[in-house]
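Student: Attaching a single structure in structure tokens format; questions to follow.
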Amino acid sequence: MISAHAFPALEKSFFPQETLLMGAGPVPQPPSVRQANSRIASHLGERMNEVIRQIRIMTRYAFQTTTPWIFGLSGPGSAAAEMAIGNLIHSQSKVLAISSGHFGLRMYEMARRHQATVTLFEFDGRDAFPLERLRELLKQQFFHVVTLVHGETSSTTINPELAAIAALCKQHGALVVVDAVCTLGTTEVLMDEWQLDVLFCWGQKGLSSIPGVSLIAFSAEAWGQVVQRTFTPRHWCYDALLAAEFWHHHRYHYTAPVNGLFALHEALRLLNAETLSVRIIRHRNSSRGLQHALLQLGLALAAPEVTRLNAVVGFFLPAGIASPDLIEHLLVEHKIEISASFGSPLLRIGQMGEQCRAENVFRLVNALALTLETLGHPVDRVAALESLTLLSEGAMPL
Ligand SMILES: *Cc1c(COP(=O)(O)O)cnc(C)c1O
């Protein structure tokens, strides 16, 4: 036996003081979600069946859909993308991957790994979506599946044309797969009304649940294709027909992430209780208040107003301040985390779920202003904080 002395324990906890997570995810969790996450039970049996049944119902509300084909899964948001793609795509499929950034490209890459014929349709998320270019392409070529992202967290832009794009794709016979990982629970997402065939999100971000459990829904049409498919999906864990065993027939597929499902249940319950409309207004007010404060601090916002994502706000630092220095100072001196962005100079502040609480936004803006000053860039901290007061009063600041 190797002695414990060979592996000396740290003298004090590695997690002495909690950091306020104001980055692009994960995000803080409400106390009742944490509490639910501390519970364990058998993953099969009457009690779990009821939990699953209620998660399915509450997810329908969150996704704004009547489809019964709702599933949870163990894994990150990317796993939900794998599940969406892997159940619809095979080597004979023709896929159109619409992308304006990192997460759009991720679905392109996933579709390619299934050896499908994949066409990449790139656009600059800052500009209006090129609907005419898409219309022309769809006239010329047939696609079984179109993938796209609602809120592109990497560039902090939203695609306001999602409904129009989906309608166009549907007219041309394609199934529409949508990544709503950062928009669900923060922004309006209407699965049925917008004719989305497969929609997925992650338990974290907008739902403020735990990382590692995701949600996905298939429309009746998409589910019909899953049931009638003639190929075997490559992923065993994310095979929707196998997942239906657990999610719809209360039988064993793999051991479900029980704690995570309890946490997700509580997070969905909180969303239901708050209602989507109140929640969306809370997010919009908070995010716009923050955007206003960043402008007051003399920072440049990354996205133009028409395509600006509220769920994650991107901004640039003034010349002379290095992003890593600012991130480090906020973390060490103020115990607040914000995010860089995949190697670009963009910095990102999350406005998802619990991040959209006045006390968190005030604390962040105050710390950001002090940090800018410390790093040699004087700002009007009071004016920035004042631009947030409307936020705490719940009024529309912009
Ligand atoms: C965070 C995010 C993902 C990835 O989620 P993971 O849980 O990290 O796999 C996918 N798409 C978007 C739009 C995201 O914001």
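Student: Sorted by packing (mean other beta-carbon atoms within 10 Å per residue), highest first, where do 224-236, 165-177 land?
Tutor: 165-177, 224-236
Student: Order the peptides 104-116, 76-88 from the highest to the lowest mean number of other Cβ atoms within 10 Å of their residues.
Tutor: Highest mean packing first, the order is 76-88, 104-116.
Student: Next up: For the range 343-377, list residues with backbone N below 13 Å from a point placed 7 Å from the Cα of VAL332 toward its Cβ?
Tutor: So the set is 375.
Student: Charges on Cβ only, +1 for Lys and Arg, -1 for Asp and Glu, centred on the Cα centroid of the range 201-358; of GLN291, LEU317, LEU268, which one is farthest towards the dipole's positive end?
Tutor: Of GLN291, LEU317, LEU268, it is LEU268.
Student: Additional query: Would you report the distance distribution of C-alpha pairs in the range 174-268 as whole percents per 5 angstrom bin, up to the bin with the largest distance?
Tutor: 3, 12, 19, 22, 22, 16, 6, 1
Student: Give me the base-10 log of I(q)/I(0) for the chain at each q in 0.09, 0.10 Å⁻¹, Debye formula, one uniform scatterer per Cα, rounded to two decimals.
Tutor: -0.56, -0.69
Student: With every atom except the alpha carbons ignored, what do you get for Rg and Dmax of the range 188-339, in angstroms?
Tutor: My reading of the Cα-based Rg and Dmax gives 20.5, 59 Å.
Student: Helices from the chain with mean Kyte-Doolittle at least -0.5 and a Cα length along the axis of 20 Å or more, per DSSP H: which?
Tutor: Those that pass (Cα extent of 20 Å or more, hydropathy at least -0.5) are 46-63, 258-274, 276-296, 358-374.
Student: Need one number: nm distance between label points at GLN228 and ASP127, each 7 Å from Cα along Cα→Cβ, rounded to one decimal.
Tutor: Placing both labels 7 Å beyond Cα along the Cβ direction yields 3.9 nm.
Student: Give the distance, in whole Å, between the Cα centre of the range 328-365 and the Cα centre of the range 149-206.
Tutor: Distance between centres, Cα-based: 25 Å.
Student: By the gyration tensor of its Cα atoms, with a ≥ b ≥ c the square roots of the eigenvalues, what is the shape of the range 1-142: rounded for a/c under 1.5, prolate for a/b over b/c, or oblate?
Tutor: prolate
Student: Let me ask something additional. How large a share of the accessible area of the chain, in percent, is made up of carbon and sulfur atoms when the probe is 1.4 Å and the other protein chains stay in place?
Tutor: Taking all protein chains in place, the chain shows 54 percent carbon and sulfur surface.
Student: Still on this structure: Using just the alpha carbons, could you tell me how many Å³ per residue the convex hull of the range 108-248 encloses?
Tutor: Each residue corresponds to 131 Å³ of Cα convex hull volume.
Student: Suppose R0 equals 22 Å; then what is the FRET efficiency for GLN35 and SER277 from their Cβ-Cβ distance, rounded to the nearest 0.05?
Tutor: The pair GLN35/SER277 has a calculated efficiency of 0.25.
Student: Once label points are set 7 Å from the Cα along Cα→Cβ at both PHE316 and GLU373, what is their separation, rounded to one decimal in nm?
Tutor: Going from the PHE316 label point to the GLU373 one covers 2.6 nm.
Student: Output the peptides 371-379, 131-139, 355-363 sorted from most to least packed, where packing is the average of other Cβ atoms within 10 Å over each peptide's residues.
Tutor: Those peptides, ordered most packed to least, come out 355-363, 371-379, 131-139.
Student: Restricting to Cα atoms and excluding each atom paired with itself, what does the Kirkwood estimate give for the range 274-398 in Å?
Tutor: Hydrodynamic radius (Kirkwood, Cα pairs) of the range 274-398 is 14.6 Å.
Student: I'd like to check one number: the per residue accessible area of the chain, probe 1.4 Å, reported in Å² as a whole number.
Tutor: About 43 Å² of surface per residue is accessible.
Student: Compute from the Cα atoms of the range 233-296 the Rg and the Dmax, the latter being the longest Cα-Cα distance, and quote both in angstrom.
Tutor: For the range 233-296, the Cα radius of gyration and maximum Cα-Cα distance read 18.9, 56 Å.
Student: Estimate the FRET efficiency between ARG269 and ARG113 by the formula 1/(1 + (r/R0)^6), using the beta-carbon distance for r and 45 Å for R0, to the nearest 0.05.
Tutor: 0.80
The values are calculated or read from the model by the stated rules, or taken from the named source; none is laboratory data. Fair warning: this is a prediction, and the values are worked out from it, not measured in the lab. Cβ coordinates were reconstructed from backbone atoms using ideal geometry, including for glycine residues, and neighbour counts include every protein chain displayed. Surface areas here come from the heavy atoms of the whole protein model, side chains and all, with no ligands, DNA or RNA. Shrake-Rupley method; radii C 1.70, N 1.55, O 1.52, S 1.80 Å.
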